[in-house]
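Participant: Provided herewith is a single structure, encoded as structure tokens, for subsequent inquiry.
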Amino acid sequence: MKKVLVVIDMQNDFIDGALGTAEAVKIVGSVAEKIREYEGQTVFATRDTHEENYLETAEGRHLPVPHCIRGTKGWEIRPEIAGALAQADAQVIDKPTFGSEVLARKLQKMAEQEELSIELAGLCTDICVVSNALLIKAKLPETPLRVDPACCAGVTRESHEAALLTMKMCQVDVGI
């Protein structure tokens, strides 16, 4: 069985930038270590990517905080994470919304060739992690899918826990 790690949106704006939280700062070392554990395996990373017109989009109207604007420091993957991803030869996928259809399709194509076991880590548990987990689960319902709660953080502790419960109810292994 081929092991795959997906690292969701470990970008400056979600860690200590425009939408950063203390909880996000705390998981940086754990996520970097998780990536190193997958050395020699397949690693993907997503990068939330918005354009200058972000505030004019549906998401921007509901969350009027410019973040992850392409080419800005906030859009960049945190250096410690970027270094680990480079060492793991990870493929980075830019995504304009919460979940990545591109990522889900790539994983589906891989699963047609060999049996997979997929693990997710990253930010934010309650928005992009849950969105990607459910997209992957919908495309690959028989593939083992796990989210490491110690390598995730939500907008709040309560919304992190709620997202973990939602994923558990959808048969994603979240360790609870």
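The values are calculated or read from the model by the stated rules, or taken from the named source; none is laboratory data. Bear in mind that the values here come from a model prediction, so they are computed numbers and not experimental data. Every residue, glycine as well, gets a Cβ built from its backbone with ideal geometry; the counts of neighbours run over all protein chains shown. Only protein heavy atoms, including side chains, enter the accessible area calculation; ligands, DNA and RNA are left aside. Shrake-Rupley method; radii C 1.70, N 1.55, O 1.52, S 1.80 Å.
Participant: If I ask for residues that are aliphatic (A, V, I, L, M) and either open to solvent by less than 40 Å² (accessible area, probe 1.4 Å) or in contact with a Ser or Thr (Cβ under 7 Å, 6 or more places away or on another chain) (or both), which ones from the range 121-134 would you list?
Facilitator: If the condition is that a residue be aliphatic (A, V, I, L, M) and either open to solvent by less than 40 Å² (accessible area, probe 1.4 Å) or in contact with a Ser or Thr (Cβ under 7 Å, 6 or more places away or on another chain) (or both), then ALA121, LEU123, VAL129, VAL130, ALA133 are the ones that fit.
Participant: Can you list the strands (runs of 3 or more DSSP E) lying wholly within the range 1-120 that have 3 or more residues being in contact (Cβ under 8 Å) with a residue 40 or more places away in the chain and open to solvent by 30 Å² or more (accessible area, probe 1.4 Å)? Show your work before the answer.
Facilitator: On the way: elements: 2-8, 42-48, 91-95.
Output list reads 91-95.
Participant: Just checking, which of GLN11, GLN41 is under 24 Å from ALA104 (Cβ atoms) and in contact with a Phe, Trp or Tyr (Cβ under 9 Å, 6 or more places away or on another chain)? Step through it out loud before you land on a result.
Facilitator: Numbers: GLN41 fails: in contact with a Phe, Trp or Tyr (Cβ under 9 Å, 6 or more places away or on another chain).
Checking each option against the conditions leaves just GLN11.
Participant: Under the condition of being in contact with a Cys (Cβ under 9 Å, 6 or more places away or on another chain) and part of a strand (DSSP E or B), which residue from the range 146-176 is surrounded by the most Cβ atoms within 10 Å (Cβ to Cβ)?
Facilitator: So the residue we want is ALA153.
Participant: At pLDDT 95 or above and not in a helix (DSSP H, G or I), is that true of VAL130? Can you show your working first?
Facilitator: Values: at pLDDT 95 or above: yes; not in a helix (DSSP H, G or I): no.
Spelling it out, it is not the case that VAL130 is at pLDDT 95 or above and not in a helix (DSSP H, G or I).
Participant: Taking LEU135, is it under 14 Å from the mean Cα position of the chain (by Cα) and over 22 Å from ALA22 (Cα atoms)? Break it down stepwise before answering.
Facilitator: Details: under 14 Å from the mean Cα position of the chain (by Cα): yes; over 22 Å from ALA22 (Cα atoms): yes.
So LEU135 passes the test.
Listed here are the residues, each with its yes/no results for (1) of a type in the set (Phe, Trp, Tyr); (2) out of contact with any helix residue (DSSP H, G or I) (no Cβ under 9 Å at 6 or more places or on another chain).
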residue	(1), (2)
GLU23	no, no
VAL31	no, no
THR49	no, yes
TYR54	yes, no
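Participant: Residue pairs, Cβ under 8 Å, 6 or more apart or interchain, first in the range 144-156 and of a type in the set (D, E, K, R) and at pLDDT 95 or above, second surrounded by fewer than 23 Cβ atoms within 10 Å (Cβ to Cβ) and assigned to a strand (DSSP E or B). List them.
Facilitator: ARG146/SER117; ARG146/GLU119; ARG146/ASP173; ASP148/GLU119
Participant: Scan the range 59-70 and give yes if some residue there is at pLDDT 95 or above and within 24 Å of GLU37 (Cα to Cα), otherwise no.
Facilitator: Within the range 59-70, none of the residues are at pLDDT 95 or above and within 24 Å of GLU37 (Cα to Cα).
Participant: Within the range 94-116, track down each residue that is in contact with a Leu (Cβ under 8 Å, 6 or more places away or on another chain) and under 24 Å from GLU142 (Cα atoms). Step through it out loud before you land on a result.
Facilitator: Quick first cut of the range 94-116, residues in contact with a Leu (Cβ under 8 Å, 6 or more places away or on another chain) only: 95, 99-101, 103-104, 107-108, 110-111, 116.
Within the range 94-116, GLY99, SER100, GLU101, LEU103, ALA104, LEU107, GLN108, MET110, ALA111, LEU116 meet the criteria.
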